[in-house]
Every structure is written in structure tokens, then in C-alpha cells.
Amino acid sequence: GTGADNDLYINQAVVFIEDAIQYRSINHRVDSKSLWLYRWYYSRACQWILSLTITIILGLAFIEKPSSLTVTSDVRYRLSAWNPPCGLTESIELLCFLVFMVDVSVKSYLIGWEEFWKNKWLMAYILTLTVSLTDWIVSLSFFCTEDVRIRRILRPFFLLQNSSMMKKTLKSINSTLPEMASVVLLLAVHLSLFTMFAMLLFARTKDGQQDKEWVGYFRNLPDSLTSLLVLLTTANNPDVMIPAYSKNRAYSIFFILFTVLGNLFLMNLLTAIIYNQFRGYLLKSVQSSLFRRRLGIRAAFEVLSSPKEAPANAQQSYVSIGALLRVLQKVEMDSRCKQAIMRSLKMCSCDQLSAAQFQKLFEELDKDAIKQHPPSPEYQSRFMQKMQFVFGHPYFGYLGNVVALANIVSVCVVLVRDADKQPSERDDFFLGTINCFFILYYLLEMLLKILAMGLRRYLSYPSNRFDGLLTVILLVLEIATFAVYGFPHPGWRPEFMGLLSLWDMVRLVNMLIVFRFLRIIPNMKFMALVVTTLLDLVKNLRAFAGILVVVFYAFAITGIMLFKGAVVPLGNISLFGYLNERLRFYFHLFQISFYIKKVVVLSFKEKYDFMALFGHFQAEVIYCLLYLLFVNLICRWAKIYFVAWWLISSVIWVNLFVALLLENFIHKWDRRCHREPLSDIEYQRTVELMFRDVLEEPTEEELLEKLHQHPHLQLCR
């Protein structure tokens with residue numbers, strides 16, 4: 001019985017340590033069968049199957065009716081999308097639902113019945129599955145002909161509930177909403193007041209020729225509100241004020257005041273509030289993650305010390321190193337961390353560890369060691385040593401950057417020279433020759449660096465891998481070009497042979513050369529700081545990106561259901577004939593306005609920058625098409641959909657991203673300006689501990705109190 005109990009304690013400690021590594025809650029069943037099921041559920045295979053299932057069910061929208069997944073999005077040239085037969089996607093969907101039912105059943109069993117009723121996410125999971133299955137049955141009963149499928153909008157929930165960090169991020173956003181709502185309300189007041197002022201300023205007069213502003217933008221309350229809302233995004237600036245400005249320059253004061261108050265003050269105030277509030281709530285979330293890690297390690301200590309390492313008369317509990325070694329053999333963790341802990345145990349002179357020593361041992365989990373580069377080869381020849389010194393010196397890398405810059409300049413010169421030439425007039429001899437020269441230099445540079453550093457050390461640097469890969473691709477493309485078109489010679493013109501013409505091959509080579517110029521980034525400290533900040537955001541903010549996918553997916557599905565069939569080819573009168581007639585009318589107005597603007601711009605091309613005016617015109621075209629196609633043609637209530645999309649995706653979400661970008665950048669900038677001790681330089685903390693300077697370590701009393709509240713774990717003390 002004692003041996004079985006000891007095995008149970010070992011398995012419990014293994015699971016608790018794995019929970020600490022992944023920042024998971026330890027409030028789950030801890031008997032032998034439940035521990036086996038728990039480790040099976042969180043195994044890589046099961047989690048991979050669950051992630052694949054979520055990806056499949058989200059991807060069904062691309063092939064389900066009304067899918068428009070075709071090569072072109074132009075309704076005039078788009079071929080009919082493939083419509084799967086009824087029952088095909090539904091069968092795949094049912095398999096996904098079965099996986100989700102197994103998932104929610106295992107989760108509910110492992111946490112226990114009492115904890116289940118406290119877990120709102122699990123209850124929402126069951127509710128979502130129930131509604132989705134009901135909608136699935138209704139869909140089959142109508143032979144897949146129904147227009148509205150509620151379960152499609154609910155699919156992003158499966159992605160949301162599967163990530164603990166995503167749920168924490170959503171909770172932080174939810175807690176920030178009251179503060180954001182106050183600024184959004186102030187923004188609405190600002191918009192409403194200026195809408196009233198605009199309707200009074202640009203009211204209809206007796207002279208119809210002077211009412212262009214009223215006719216175009218401020219005809220009624222919805223149009224006035226929409227015009228100023230679009231002006232808040234600067235999409236119709238300065239077009240919205242041109243008629244009034246042409247009539248009287250003083251009207252520009254109204255639009256300047258609106259833009260300054262709305263864009264410069266209120267929108268930036270919203271960014272500041274989101275940054276301040278969201279940072280606070282995110283800090284709390286990270287603090288709770290740290291507490292979970294410390295709690296999991298302390299729980300492992302308690303179960304290992306509880307059997308016989310804590311005598312009744314002892315003041316302090318201890319864990320034997322032998323028991324910990326047995327645990328480490330079973331724990332699935334990063335090999336670097338495990339080896340570091342093993343080394344620390346070998347260096348330890350004692351046979352037992354206290355709670356503080358045990359906790360300190362697992363602080364290796366909070367560190368990410370900087371990769372050690374392999375040593376350079378040691379040459380015996382003095383000539384080779386000099387070669388190694390010269391070609392391994394940083395100045396050799398700087399020379400490569402200068403050559404890459406010269407390559408970019410030469411490509412730019414050729415592109416500017418040939419910009420207005422027809423393909424038949426171009427002579428690619430010069431461009432082909434310089435490309436050949438530079439690619440040979442890149443190949444020589446790569447070989448000399450490998451000679452100086454050794455292959456293993458060369459490949460250990462990401463910049464070298466980037467350089468080497470592009471150099472090999474460039475060399476292969478150049479060899480393929482020579483094989484198909486021969487060596488460069490005067491009159492070397494593009495001809496179509498095989499998959500790509502000569503001009504296509506040259507363009508592809510030049511694009512890779514331009515891309516290769518990014519190698520200079522690590523040599524410029526401030527630019528490297530900015531780039532590493534962006535890369536950290538890409539690597540570390542997967543939860544944030546996941547919620548962004550959820551928002552995009554939900555709005556996309558909603559938009560499909562609301563506006564399906566709204567845009568059809570102009571010649572197709574059989575479908576939505578009335579709408580097409582109105583679309584023709586607006587399209588002709590659009591063409592007339594285009595030609596009028598073109599004549600005006602060309603008449604005054606000496607005074608105005610044509611490209612700048614055309615840029616504003618493009619913004620107006622986008623706005624006009626949005627307005628005509630989805631508002632006038634469908635329903636004016638469609639504005640609510642687009643305004644909601646703008647508020648969530650642009651106003652709130654962009655500001656949240658700016659807040660996280662600022663936090664990450666300020667954190668890295670502080671580390672750059674204030675040099676840290678050697679131990680911090682050698683280790684870089686994990687993402688969850690980005691706020692490590694302000695995090696508080698939980699006390700022993702807090703950890704023990706939380707452990708004694710565990711619903712399934714009975715401690716001896």
C-alpha cells in the first residue's frame with residue numbers, strides 16, 4: 001500500500017509541475033485514473049487533434065454556400081463557386097461536434113461537479129454546442145436550403161475557449177470597456193453636436209446652385225451623421241468640405257474644429273485611456289499566471305513531502321532529492337530547463353530540499369537561455385588563421401552591406417530608366433550583367449564566412465541563415481535563367497519560354513535582392529530594437545491575434561448573411577432587377593463625376609498635384625461604393641453594421657494593439673537604456689513575465705491557504 005501511495009504522490013507531483021509549466025489551474029481530480037486521463041488530454045496528440053478540429057470547422061465557411069472563394073472577386077468575371085452537395089459539410093461538421101463533445105465531457109469530469117457549476121466558460125461551451133447541434137438538425141430538415149445558419153456565427157467560440165491566454169485577454173478587454181465607453185460616449189456627443197451645427201450651417205436655401213453641400217452631404221440627419229462619421233476617419237477629407245469652401249472660405253473653420261477635436265484630442269485620449277487601463281488589467285492577468293506557477297510548484301512540494309518527509313515534531317518539511325529525480329524523469333518539460341535543474345541538484349551538497357530551495361530550483365522555468373553559438377574552427381596554418389580573422393571580422397559584414405546597397409541602387413537606376421519603355425523596347429543586358437556580378441559576390445561572401453566561422457557557427461546566426469537561403473535561391477534562379485535564355489548579351493530581351501518569361505525571372509531575382517537588403521537591420525541598433533519589438537509581438541501576442549480572428553470571422557459571417565447577393569453583374573437583370581436598375585443609375589453618376597473630376601484636375605494640373613488629388617478621389621470612390629451598394633441599395637439600417645465594424649476593429653482594436661505595442665517597446669527601451677546585471681543578460685524572461693519588474697511574489701501563507709482550498713487534494717498539514 002505504501003508503494004502504491006508513493007507512486008500516486010509521484011504522479012501528482014508530475015502533473016502539478018506540468019500545470020505550473022503551462023500556467024494551468026491545479027483544481028482538478030488527483031486520483032490515479034483521473035491523473036492518467038488528465039495527462040492524456042493535455043498530450044500533444046490530443047491537443048493537436050483539437051486544434052485541427054477547430055481549424056477545420058472554421059475553414060468550412062470557405063466552401064459552404066454562399067462561398068465566393070474564387071480566383072477573382074469581381075462579380076463580372078467571377079466563375080460560379082463550387083457548392084458542395086447537401087450533407088458533405090454537415091457530416092464534417094458533425095464529426096467536429098463529436099470531438100467538441102468529448103472535449104467538454106473530459107473537462108467537466110476532471111474539474112468535478114462542484115467546480116463545473118462555477119466555470120462559466122464550460123457552461124457557455126455546452127450551450128454553444130447545444131444551439132449548434134439544434135441548428136444543424138434544422139439545416140438537414142430543410143435539405144440545406146435555409147439562408148440563416150446561427151451555428152456559423154458561434155464557431156469562433158470554439159477557438160476562444162481553447163486558449164487560456166485568449167480568455168484572460170478577453171477578460172482584460174471586458175474590464176476595460178467601461179472606461180472606453182466613457183470616451184466613446186464623449187465621441188458620440190461630439191459627433192451629434194457637430195451634426196446639428198452642420199445641418200444649421202448648410203441648410204437648404206432658395207438658390208439651388210448654392211446648396212451643393214446640403215445636397216451632397218447634409219441633406220438630412222442620417223446623411224449628416226454619416227458624412228461627419230466618415231470625416232472622423234478622414235476617408236472623405238477634404239471632399240466633404242469642398243462645396244462649402246468654394247462658397248465661403250470661413251466654412252473651413254467648422255471642419256477644422258471638428259477634425260482637431262475629434263481626431264487629435266478625443267481619439268488620442270481614447271488611446272491613452274486604453275493603454276493605461278488595459279495595461280493594469282493585463283498586469284493582473286500576468287500576476288495571476290505567476291501565482292498559478294508558484295502554486296503548482298508548491299503543490300508538488302507538498303505532495304512529495306507529505307508521506308514520510310515531514311515528521312510530527314519537525315518544524316519544516318523537506319523533499320528528498322531522490323523523489324524529485326523520479327519526478328523529473330516523468331515530467332514533460334523543456335530539455336534545457338530539465339538539464340539546468342539536474343545540474344543544480346548535482347551541485348547541491350544536501351540530500352533534502354526545503355520549500356524555498358524547491359521553489360528556487362524551478363525558477364529556471366521563468367528563464368529562456370540565450371543560445372550559445374558553436375565555436376569557430378581552429379586552423380593550424382597561419383595563412384588560414386589570417387583568412388579566418390579577415391573574413392570573420394565585423395568589417396567584412398559591413399562591406400557586404402555596402403555591396404548590397406550598391407546592388408539596390410543599381411536596380412533602382414535601371415528600373416527608373418526603363419519605367420516608360422514597352423517590353424519590346426527593354427534591353428536586359430545591363431540588369432542581367434549586374435545581377436550576375438552581385439550574386440557571384442553573395443555566393444563568395446557566404447563561402448568565405450563559412451570558411452571563417454565553420455558551418456555550424458554560421459548557421460547558428462539567424463541573419464546568416466537568412467542570407468544563405470536567399471543566396472542559394474538567387475543562384476538557382478540565375479542558373480535557370482542562363483539555362484533557358486543563355487548568358488546576358490546586348491539585345492537580351494524577354495521572351496516567353498516555359499513557366500516564366502525572362503522579364504519575370506529578372507523581376508523575381510530583383511525582388512529577392514531587395515528583400516535581402518534587410519540583412520542590414522541587425523547592424524543598426526535602434527532599427528533592430530524596433531524590429532525585435534515587432535517580432536516579439538508576432539510571437540507573443542497569439543492570444544490577441546486569436547481574438548482578432550474571432551472578431552473578423554464573426555463580422556464576415558454576419559456580413560455574408562446580411563448582404564448576400566447585394567452585388568451582382570450589371571447585365572444580370574434576372575436577379576435583383578430593381579436593385580440593378582438603381583445600381584446602373586448610380587454607376588452612371590459615378591462615371592460622370594469621374595470624367596468631370598478628371599477634366600478639372602487636368603485643367604489645373606499646373607496648380608495642383610494630380611496624384612494627391614487622385615488619392616483623395618480614390619478614398620471618395622471607396623466611400624461612395626460602400627454607401628451606394630450597401631446603404632442605398634439594401635437598407636439604410638446597414639450603416640449600423642459598418643459603424644459597429646469601425647468601432648470594434650478600428651477604434652477599439654487598433655488602440656488596444658497600439659497599447660500593447662507601446663508596452664512592449666517601452667519595456668525593451670528601458671532594458672536598453674539601463675544595463676542589467678550579467679544574470680539578466682544571460683537570460684531573457686518568458687512572455688508572461690514581461691512585467692517582471694513590478695510583479696509580486698506570492699507569500700507562503702497565500703500559497704498554503706489556496707492549497708487547503710483545493711477541492712480534491714487533502715494535505716497532511
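The values are calculated or read from the model by the stated rules, or taken from the named source; none is laboratory data. These numbers come from a predicted model, not from an experiment. Cβ atoms come from the backbone with ideal geometry, glycine included; neighbour counts cover every protein chain shown. With ligands, DNA and RNA removed, areas are computed over all heavy atoms of the protein, side chains included. Shrake-Rupley method; radii C 1.70, N 1.55, O 1.52, S 1.80 Å.
I'd like to check something: does segment 103-112 contain any residue that is open to solvent by less than 70 Å² (accessible area, probe 1.4 Å), assigned to a loop (DSSP other than H, G, I, E, B) and not polar (S, T, N, Q)?
yes
What pairs come up if the first residue lies in segment 248-265 and is free of Cβ contacts under 8 Å to residues at least 40 places away in the same chain, the second is open to solvent by 70 Å² or more (accessible area, probe 1.4 Å) and in a helix (DSSP H, G or I), and their beta carbons are under 9 Å apart, counting only those six or more places apart or on different chains?
Every condition considered, the pairs that remain are 252/245; 255/245.
Quick check on residue 393: is it of a type outside the set (D, E, K, R), free of Cβ contacts under 8 Å to residues at least 12 places away in the same chain, over 30 Å from residue 39 (Cα atoms) and surrounded by 12 or more Cβ atoms within 10 Å (Cβ to Cβ)? Walk me through it before giving the result.
Working: of a type outside the set (D, E, K, R): yes; free of Cβ contacts under 8 Å to residues at least 12 places away in the same chain: yes; over 30 Å from residue 39 (Cα atoms): yes; surrounded by 12 or more Cβ atoms within 10 Å (Cβ to Cβ): yes.
When the stated conditions are applied, residue 393 passes them.
Looking at segment 297-316, is at least one residue modelled with pLDDT of 80 or more, part of a loop (DSSP other than H, G, I, E, B), of a type outside the set (A, V, I, L, M, F, W, C) and surrounded by 15 or more Cβ atoms within 10 Å (Cβ to Cβ)? Reasoning before the result, please.
Quick first cut of segment 297-316, residues modelled with pLDDT of 80 or more only: 297-305.
Pick out the ones that are also part of a loop (DSSP other than H, G, I, E, B) and you get none.
Checked segment 297-316: no residue is modelled with pLDDT of 80 or more, part of a loop (DSSP other than H, G, I, E, B), of a type outside the set (A, V, I, L, M, F, W, C) and surrounded by 15 or more Cβ atoms within 10 Å (Cβ to Cβ).
From the residues in segment 354-375 that are at pLDDT 85 or above and among the polar types (S, T, N, Q), which one is nearest to residue 300 (Cα to Cα)?
359
Any residue in segment 125-152 that's at positive phi and not assigned by the TED database to the domain that holds residue 561: show its pairings with residues that are assigned to a loop (DSSP other than H, G, I, E, B) and open to solvent by 70 Å² or more (accessible area, probe 1.4 Å) at Cβ separation under 8 Å, as long as the two are six or more apart or on different chains.
Listed by first residue and then by second, the contacts come to 143/86; 144/65; 144/86.
Do the conditions hold for residue 70, that is, is it open to solvent by less than 70 Å² (accessible area, probe 1.4 Å) and either modelled with pLDDT of 90 or more or in a loop (DSSP other than H, G, I, E, B) (or both)? Even if it seems obvious, please write down each step before you answer.
Numbers: open to solvent by less than 70 Å² (accessible area, probe 1.4 Å): yes; either modelled with pLDDT of 90 or more or in a loop (DSSP other than H, G, I, E, B) (or both): yes.
For residue 70, the condition - open to solvent by less than 70 Å² (accessible area, probe 1.4 Å) and either modelled with pLDDT of 90 or more or in a loop (DSSP other than H, G, I, E, B) (or both) - is met.
Inspect segment 217-232 for any residue being without any contact (Cβ under 8 Å) to a residue 60 or more places away in the chain, open to solvent by less than 50 Å² (accessible area, probe 1.4 Å) and in a loop (DSSP other than H, G, I, E, B) and give the result as yes or no.
yes
Check 67, 73, 51 and return the single one that is within 26 Å of the chain's Cα centre (by Cα) and touching a residue at least 60 places away in the same chain (Cβ under 8 Å).
Values: 67 fails: touching a residue at least 60 places away in the same chain (Cβ under 8 Å); 73 fails: touching a residue at least 60 places away in the same chain (Cβ under 8 Å).
The match here is 51.
I'd like the residue in segment 17-56 that is closer than 15 Å to residue 297 by Cα and of a type in the set (Asp, Glu) and, out of all such residues, is least open to solvent (accessible area, probe 1.4 Å).
Among residues in segment 17-56 that are closer than 15 Å to residue 297 by Cα and of a type in the set (Asp, Glu), the one least open to solvent (accessible area, probe 1.4 Å) is 19.
How do the helices (runs of 4 or more DSSP H) wholly within segment 640-717 filter down when requiring 2 or more residues that are under 30 Å from residue 33 (Cβ atoms), of a type in the set (D, E, K, R) and at pLDDT 70 or above: which remain?
Values: elements: 654-673, 678-682, 700-708.
Output list reads 700-708.
Which residues, counting only those in segment 376-387, are open to solvent by less than 100 Å² (accessible area, probe 1.4 Å), within 16 Å of residue 456 (Cα to Cα) and over 42 Å from the mean Cα position of the chain (by Cα)? Before the answer, list the steps.
Start the filter on segment 376-387 by keeping residues that are open to solvent by less than 100 Å² (accessible area, probe 1.4 Å), which leaves 376-377, 379, 381, 384-385, 387.
So of that shortlist, the ones also within 16 Å of residue 456 (Cα to Cα) come out as 376-377, 379.
Matches in segment 376-387: 379 only.
Name the helices (runs of 4 or more DSSP H) wholly inside segment 147-201 in which the number of residues that are modelled with pLDDT under 80 and not polar (S, T, N, Q) is 3 or more. Can you show your working first?
On the way: elements: 150-154, 156-161, 164-201.
Counting at least 3 such residues, we get 164-201.
Only one of (1) open to solvent by 30 Å² or more (accessible area, probe 1.4 Å); (2) more than 31 Å from the chain's Cα centre (by Cα); (3) of a type in the set (Gly, Ala, Ser) fails for residue 288. Which number is that?
Checking residue 288 against (1) open to solvent by 30 Å² or more (accessible area, probe 1.4 Å); (2) more than 31 Å from the chain's Cα centre (by Cα); (3) of a type in the set (Gly, Ala, Ser), the one that fails is (2).
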